[in-house]
Structures are given as C-alpha cells and as structure tokens.
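Report on the following structure.
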Amino acid sequence: MRSDMKQDRTIMGIRKGVLALAALFCWMMAAAYSFTATEKPWTYWWWMGSSVKEADITEQLEGMSRAGLGGVHIIPIYGEKGDEANYIPYLSERWMEVLSHTIREADRLGMGVDMTMGTGWPFGGPDIPEEFRAQRFRIEQGEFKITPTGQKVKRAAPGAEGFVLDPFSREAIEFYAQRFRDALAPLEQRPRAFYDDSYEVYGANCTRDFLEQFRTLRGYDLKDYQGCLDPKSSDPAASRVVCDYCETISDLIRDRFAARWVELCHQMGVTTTRYEAHGSPGNLLDLYALADIPETESFGASTFKIPGLRHDPKYEPARFGHPDPLVMKFASSAAHVTGKSLVSSESTTWLGDHFSVSLSQIKPQIDELFTAGINHIFFHGTTYSPYWKDFPGRLFYASTHYGHTSHFFEELPALTAYIAECQHILQQSEPDNDILIYFPIYDIWSQTGRAEVIRMLDVHYLADGLYTVPFGTLARSLWSRGYTFDYISDQMLKERAPRRGQVVLVPPMVHIPHQTMEALLALAEKGTPVIFMDDLPGDVPGLFQHKERRQRLFQIEEALRPMSYSCGGSQEVLTYTLERLGIRPEPFKANGIDFIRKKYDGKTIYFLANLSDRSGDCWVPCKSRKITLFDPAAQTRGTAQTRRVNGQTEFHLQLAPGQSIFVFCGTDSEADYPVYQLQADGIVTLDGDWRLSWKSGVPKIGEERLFETGKSWTELGESYDIFSGKLIYSRTFSLTPEQLRGHWRLDLGDVRETARVTLNGTTLPLLWHIPFAVTLPDGLLRAENTLEIEVTNLSYNRIIDMDRRKVPWKNFHEINFVNIQYKNFDASGDKPLDSGLLSVPKLIPVRLENSRRK
C-alpha cells in the first residue's frame, strides 16, 4: 500500500513538473501576441495650459496607441503664449469633461490614464490657508519661530497656481484632497492612479505643531536643546538631537502625509497610487512602500561603455550625476520586500539635449532600469500638441521627446514592442534576491555640521553621497561581484519575514535602535542568517534615555552574537560566509553583463543586458541542463547549448554589447532558432558609390546623388546639412555560387539613427539599437542583389536651420526654453550632427548553430 502511494506521488510529481514547464513555455509564447496596457510602456503627457479639445485628445491617443503605448500620465502645466483664450482652469467643470473624455477614449483603445494629483509640482495650489502651507522654523534671539516658506507650485497650470502644501500635516493633505474628492464625484470613471512627484519642497523643515509632535514622539522638549540644531554646535548631544529631529520629520511625512494620501486616494475610488519618494526627508524605503506602485527616476545619461554609443557632450555629470541602479533599487526593494508586483520609473529625463536623442541611446537606459528591478516604464515624455500645429509643436523643457513630432515617432513601435516583451515577463515573475542589506538611516540622520539640519535624500545625493558611507560601498561591491540583494529598513525588519533562504546583511555602522536589534534577534531565532559586516553596532540613536537604551542594546547583542555571523570588515570572510550559507555570486558580472534574477512557478529566469565593451561570448555555469534563450528585441527563441565541465553544467551565451536576452532555466524551447553565430572567412565590404535619394522629411531633396557610405551625409552641404527625415541608400551587388551556399549577417556599423533594410524586395525588421546588424534569412540572397537602406536621422539639424532663420517656435510662458544645461536653447551656432551610414556596410559570413548538448 505504501509502495503504491509512493509511486502515485512520484507520478503526480512528474506530471506537475511537466505541466509547470508547459505553462512556462506557453507563458513565454504569449509574449509574441498581445500585451496588457500595463505591460506596455506609458508616457507622461503634459497638458500646456490645459488647452485641450476632445477631437485632438482622441487623435493623439490613437496615435500613441498605434505607437505601442499602454497609457498616459496627465500633468497640466504652464501654457503657450497667445493661447490664453483656450486655457481650461484646472478641475473646473470643463476640465473634468475633457478628463472624462480622455479616460473613455483611453479605455476604448485599451489604454490607461494616470494623473498627478495637482499640476506641476509639488502639491499645492489656490486657496491653501496659511496654516496648511509649507512651514519652516528659525531660531531668532533664542526663540523657535515657525513661519510659511512662501514657496509656490512650480510650473503650475492655469487655475492651480498657489502655495505649496505642508508635507508634514495630516490636516493639510485632507484639506487638499477635498477639492479632488468634490471634482471626481460626478465622474463615472476614475483615473487608474494618482501620482505624487519627487519631493521638491524647498526650505520646509517643520510643521505648525512640530514642537508638540517632537515632544510626543521623542520624549523631551526640543526647545531645551534647540542650540544643537545649529550646524556650528559643539554640544556633545548635538548628533543625538539632530537625529531625533530627522526621525521626527520622517515620522510626520510618512504617517501624517504620505500614508494618509494613499488612504484618501483609495477612498476617492482611485485604486492605485504612484509615489516618487526620493528627495524626501524620510526613510525612502518606508515611503516608497506606502504606494501601490513605488516609482524611481532615471535622470540624465549613464556611463555605458557600449562601443558606438553616443553620449551628449553638453550633459553636465558634475551637476546632475548619472543614473544609478543602486539608487533605483530603493524603489524596487520596497516593492520586493512588501510584495508589490509593479515598480515604475520616470525614464530618460534629460537623456540628451532636445531633438538629439536616439532610440539606440534609450534602450540601454531602459535595460539598466530592468536590471535594477523596474518593470513599469513611463517615458518622460510627451507634450499634448495638436497634429495641425507646425513642427516642433508644444514642448516641455525637461524631457526626451516621444510625441508625434519626434524624429523617431514612426520607429517608436520597435522600442515599445521591446519594452512590452520584457515587461510581460518581468511583471509576472517574482523577485529572487538572496540578501537583504539593512539601510542604516540613523547613521545618516546623526551626521551634523550641515547648513540645513533637514536631510533630503534625492537621486543626486544618493548617487554621490551613498558611496561615502559603508552601506554604499558594500552595496556597490556586492553589485559589481554579481550578488543579488534588496535593501530593508528598520520597520520592514520588524514587520516582514525574509523568504526562505534569504540572509540579512548589516553593514558597518554606529547607531541602531535596540528595537531593530530585537527584530534581528527574533529573525535569527527563527533561522534567518544574520551577518554583520563588521562588529555589532555600539550605540543607539537619539537623546531620550539613551544610556538605558544603549544598555538594552548590549544585552540583545550578547544574545544575538553567538547566533549571528561577523565578518570583521573583511570581504573575503563575507564571501566565505555567504558561500557556507549557499549564496554565491552569479557569473554574469564577471563577463561584463548586468542582470536580474527572478522566479516563475519555481523556475529561475534571468534578464541579461550587455552594457559594457566586453564581447559577451562565453560559457556560463548554471544549475540546469535545459536552457531556453529569448531575444525580446528580435522576438526569437531557441534552446541553448550546454556542456559538462568538471561536473558543472555550463551554457553558451552570445550577447554582444548593446544586446539583451532572457534566460529560462529548466525549459527546452520547441522553436529551434539558430541562436549561435560563428564568424567565417570571406567578408564582403559594400564600399564604393551608393545612390542617395529622398524618401520623406524637411527640406525636400529632389535630385538623387551618388555618395559613399562611411561618412555623414551632412558633408554634402546644401540641403543635406539641415535635413531631418528619411533618405534611402541603394545599390546592387553580386555574389558567387559558392558564397550563396553560406549564411550571412549584414552589419551596418555606426548608424545615425535607425535603418530599415530592404533586400531583393523583402523588408527586414527595423535596426534601431546597437548592434545595427541582422542575420539574413536563408534564400534571400541571390547572384544579383538589390539593397536599399532607409535611414532616419535626428531633427536637431532642422532646428539649427530654424534658429538661424529665427523661426519663432519657442513660445511658452515659463522657462522658455532651456537646453540640457538650463541655459537658453539656441542651436543657431551649432555644427550639424552626423547623419546616415557612418560605417561601410559589410556582409559577414557566419556559421549558424542550433542547440546541442556536449
């Protein structure tokens, strides 16, 4: 009887495994068909002056839907000069009518609508009473005086101008929300989400009842120690008082403002909130975790070493820094630890100057976001601009332009399809990180000597200052070595249990609350490994009863010490300790490849992106002998080659700089796409003259020209140096019978900016990112061949011409109109940007291989 039952369980287990693999394969295949609105990328949609009309809204939404966008995020802002008569006051009856129309039309098109709960940023507007405005304290003649900051909403739309809201007051956010509750009441449909932008409340450092709140939360009267808030204070208690001040501010923005805002949104029938917590003077992990969708920000350009990737020389990293995946992980960690499935990003803000950003520059930034745990991309962005308006139409100043007048709008579906393929997988899979790194916020709050006592953690501070503290250097070391991790806060340690197999890693620090140490002890007692990178912390934060609390800390540490691991500050000991616990770094980083590891139905999935200058051709250790590779850009899949080396399974990876791929462990692909290419001898260089002809764009170029590839078409002068649009390179070439027996890859090299190849009448998929190359289908080449390459360039050269002719396109009421350096935008003196095929195209013979096991 027992034997039969055991056999039945074995058969059931096999069936379950087969069904799981079948489900995984069907799930992978589904990506090739249709996507939900959430799986597609969305875009910020700025309404200038709220000068919008139903017919134009419909036309623009239909255009965005055709381009592959899944939704819009409405942000009303300042208006266009001369258009004042068409402004619609914010939240007026007419404004709500056009909002309702937008939601209905988006729903018809299978799209979604989010909106900022306000205009411009931050929260605020008309009729904000003085007691609900942002407040600041000053100590004058020994007195603690609280007064409004006077800050007004930045980039406000008509009807929404006014003072900024107090971000530490429950009553203030309730007062502010009532206006939205009243406006939404008649609507049959609601936006999907309300949004709170990154914290830019300047000068606000308290609230009207701050002293009372401080006394309640911290246990003593701040006025007795107010001198400690002076950055020049030499009082031994200063760091403790400053820490108490920062923690009080953090408690107020979390509990009285952000948490209440989320509750109010849900009560209004808006089921989702998106929250950019960065910049806030609080523990970012806890603030992000309050939202239904935590949102990070990718501002500026990263320093990828991808060969051929262009970086805007005007961008000022010393001023703005670079996007950093370890900063992005604050948002994704909050989602992962608290069980939220979506993490969004304000993406490609100021990636390059206006009219000069290409799709090939955007892709690696998106890939970096994916590796950091982001799976809900919002382009930054699109400006509402009627189709009848002359180029370039209405424009927001701080963006990468994704609207219908963008030079890449016709090619945008290639990028959106790629993102949808990736997000379909990334949204349905679960995080699978091994380590939870404790974020030592109390050490940051205990720092003194700053000009402003308040500590705002914006993306630029985090990208720079993060690495001056042990937490940041530890996180960067683990990231660069290929370990998988999230961050965890004090509150999360108390409320969230790590998943089985995870460890908690505590970086070197000085201050930790005894309650947090109690939480670590409780985790250790339940079997969660707790690792201290250095010795256990030696002090508690804050002033009230600190000696008693410190003694309690020591007692807890004595109990925890024999149950935990200490690395004595040694990376080698940490590596050894993690290995003892079954945690090893993934091998991809050693080959220059960024990644994220996830799980679906118990199976391991990797998203890999080669953002380096390394070849990416390597054998990678793995635990499974069945590996499926899926290229989300080419939408091809095949089974990987595997081999056994010294008892270890390895799979063959070919991932050129700029490419990305999904790796599914434990699955065989039914498709047998040849995923490997080995270069052979006999490259055919397509040099010499090509015919260059006009397809579309401005100005129209009538005559066909003979032109060599390998240089910019702007060298032709005349109309070519100011041209923006599509030109076609065409030529014929011959191949021998012997050459026709092989397989070929067409490599265009450096393309400015996209290329659509037609060979012998067959049009191939758009080449829009690095590497600009495609494997030619079998049978397409002939003895005599006709090749056409349609190249689309940037629109910057057109703007150079318009500025030289003083065409009045900069026509906006605010910040009219700045470049990436926040100086007046004027392209009239600039040199035309290179355009066309800057390399000589080559036909490269390749040997194609399907999967096989060795």
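Table for the structure above
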{"read-out": "Wholly enclosed strands (runs of 3 or more DSSP E) of region 634-739 bearing at least 1 residues open to solvent by 10 Å² or more (accessible area, probe 1.4 Å) and within 27 Å of LYS842 (Cα to Cα)", "value": "636-639, 648-654, 660-665, 676-679, 689-698, 705-708, 724-734"}
{"read-out": "Selected residue (criterion: surrounded by the fewest Cβ atoms within 10 Å (Cβ to Cβ)) from residues of region 612-631 that are in contact (Cβ under 8 Å) with a residue 60 or more places away in the chain and under 28 Å from the mean Cα position of the chain (by Cα)", "value": "ASP613"}
{"read-out": "Counted residues, region 179-191 - those being open to solvent by 10 Å² or more (accessible area, probe 1.4 Å) and either in contact with a helix residue (DSSP H, G or I) (Cβ under 9 Å, 6 or more places away or on another chain) or farther than 16 Å from TRP261 by Cα (or both)", "value": "8"}
{"read-out": "Filtered residues of region 682-733 (kept if within 20 Å of GLU410 (Cβ to Cβ) and charged (D, E, K, R))", "value": "LYS695, LYS700, LYS726"}
{"read-out": "Tally of residues being part of a loop (DSSP other than H, G, I, E, B) and not acidic (Asp, Glu) across region 777-814", "value": "17"}
{"read-out": "Scope region 328-353; condition in contact with a Leu (Cβ under 7 Å, 6 or more places away or on another chain) and not in a helix (DSSP H, G or I); matching residues", "value": "SER345, SER347"}
{"read-out": "SER835 vs. criteria open to solvent by less than 30 Å² (accessible area, probe 1.4 Å), over 20 Å from ARG394 (Cα atoms) and polar (S, T, N, Q)", "value": "yes"}
{"read-out": "Looking only at region 748-798, and only at residues there that are over 30 Å from the mean Cα position of the chain (by Cα) and of a type in the set (Asp, Glu), the one that is least open to solvent (accessible area, probe 1.4 Å)", "value": "GLU790"}
{"read-out": "In region 374-393, residue nearest to the chain's Cα centre (by Cα) [restricted to those that are open to solvent by 10 Å² or more (accessible area, probe 1.4 Å) and touching a residue at least 24 places away in the same chain (Cβ under 8 Å)]", "value": "HIS380"}
{"read-out": "Residue that is nearest to ASP443 (Cα to Cα) [pool: residues in region 285-325 that are in contact with a strand residue (DSSP E or B) (Cβ under 9 Å, 6 or more places away or on another chain), at pLDDT 95 or above and in a helix (DSSP H, G or I)]", "value": "LEU285"}
{"read-out": "Total residues in region 49-81, condition touching a strand residue (DSSP E or B) at 6+ places or on another chain (Cβ under 8 Å) and among the charged types (D, E, K, R)", "value": "2"}
{"read-out": "Identity of the residue in region 415-442, in contact with a strand residue (DSSP E or B) (Cβ under 8 Å, 6 or more places away or on another chain) and among the aliphatic types (A, V, I, L, M), that ends up farthest from PRO541 (Cα to Cα)", "value": "ILE419"}
{"read-out": "Scope region 81-105; condition surrounded by 19 or more Cβ atoms within 10 Å (Cβ to Cβ) and touching a helix residue (DSSP H, G or I) at 6+ places or on another chain (Cβ under 6 Å); matching residues", "value": "ILE88, LEU91, THR102, GLU105"}
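For (1) in a loop (DSSP other than H, G, I, E, B); (2) closer than 26 Å to SER250 by Cβ; (3) among the hydroxyl-bearing types (Ser, Thr, Tyr), each residue gets a yes or a no:
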site	(1), (2), (3)
GLY150	yes, yes, no
ALA172	no, yes, no
ALA183	no, no, no
GLU188	yes, no, no
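The values are calculated or read from the model by the stated rules, or taken from the named source; none is laboratory data. Please read these numbers as outputs of a predicted model, since none were measured by experiment. We place every Cβ from the backbone using ideal geometry, glycine too, and count neighbours over all the protein chains shown. These accessible areas exclude ligands, DNA and RNA; they are computed on the full protein's heavy atoms, side chains included. Shrake-Rupley method; radii C 1.70, N 1.55, O 1.52, S 1.80 Å.
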